[in-house]
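For reference, the structure discussed in these notes is given below.
No value in this document is a laboratory result; all are computed from the given coordinates. Bear in mind that the values here come from a model prediction, so they are computed numbers and not experimental data. Virtual Cβ from ideal backbone geometry, glycine too; neighbours counted across all protein chains shown.
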């Protein structure tokens, strides 16, 4: 039973345009959501997070939107750059005293020059 | 401030041998999480430790796998009598407290 789903295995966008990566979850008890970027043969790098009490968080070119009623979140990257090409993982945590993360399977983003 | 360090980066073991993976958290971080990534999959939680305590091992197989985070030194994930299905990338993450976790580069275990 996959609690965090990234239904698009890959996404291709042009440099300078917006990249939108989507994530759905099934467990309404999740309290925090995070996005990580991962290059081959490296560990995931933290990008941005959002608490379930918010619906938007912004950090530079990265914005995460949360729609609790739809159990959906998205990561917007604008403008997209070739260096953004990587696998992006959505993750969720129940919070409390244990912040273990439940990950989606990832979306491979390719930004074309 | 050095990031999370894992060693070795690559480990090859024959079936039946033991694998020992090490993780040094970031300075000041007392929470360590281990995750495993199989090919074409996302990361799966294995175990959450604080210094000298296992807080949650619900994602770790009951047999052959163990983890520790001693008062001094790195966290260790130990896999005894490895099998081919243990071949994966093992990532450790550390956190000062709270939800943001910082990952190491991973150890790629290959069982032949």
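Using only atoms on other chains, find how many Cβ atoms lie within 10 Å of each Cβ of peptide A:92-99 and report the average.
Shielding by partners across A:92-99 averages 4.
How high is the relative contact order of chain B, in percent, with contacts defined as C-alpha pairs under 8 Å that are six or more residues apart? In percent, rounded to a whole number, it is 37. Between residue A:81 and residue A:42, the contour length at 0.36 nm per residue exceeds the alpha carbon distance by 12.1 nm.
Taking 14 Å as the cut-off, the amide N atoms of the range B:39-72 that come nearer than this to a point 7 Å along the Cα-to-beta-carbon line of residue B:81 belong to B:62-66. Solvent-free Debye calculation, one equal scatterer per alpha-carbon of the protein assembly as shown: log10 I(q)/I(0) at 0.09, 0.12, 0.13 Å⁻¹ equals -0.37, -0.65, -0.76. Projected label points at residue B:15 and residue A:67, each 7 Å from Cα along the beta carbon direction, are separated by 4.9 nanometres.
Estimated from the Cβ-Cβ distance and a Förster radius of 25 angstrom, the FRET efficiency linking residue A:108 and residue A:3 is about 0.75. A simple spin-label model places the labels of residue A:59 and residue B:40 3.2 nm from each other, with each point 7 Å out along Cα-to-Cβ. Across the range B:70-98, the residues whose backbone nitrogen lies under 16 Å from the label position 7 Å along the beta-carbon direction of residue B:22 are B:70-79, B:92.
Provide the FRET efficiency to the nearest 0.05 for the residue B:110-residue A:94 pair, computing r from the beta carbons and using R0 = 30 Å. Working shown, then result.
Numbers: r = 33 Å, r/R0 = 1.10.
Efficiency computed from Cβ-Cβ geometry: 0.35.
A straight line joining the Cα centroids of the range B:50-92 and the range A:61-107 runs 26 Å. Based on Cα atoms of chain A, Rg over Rh with Rh as the Kirkwood radius reads 0.95.
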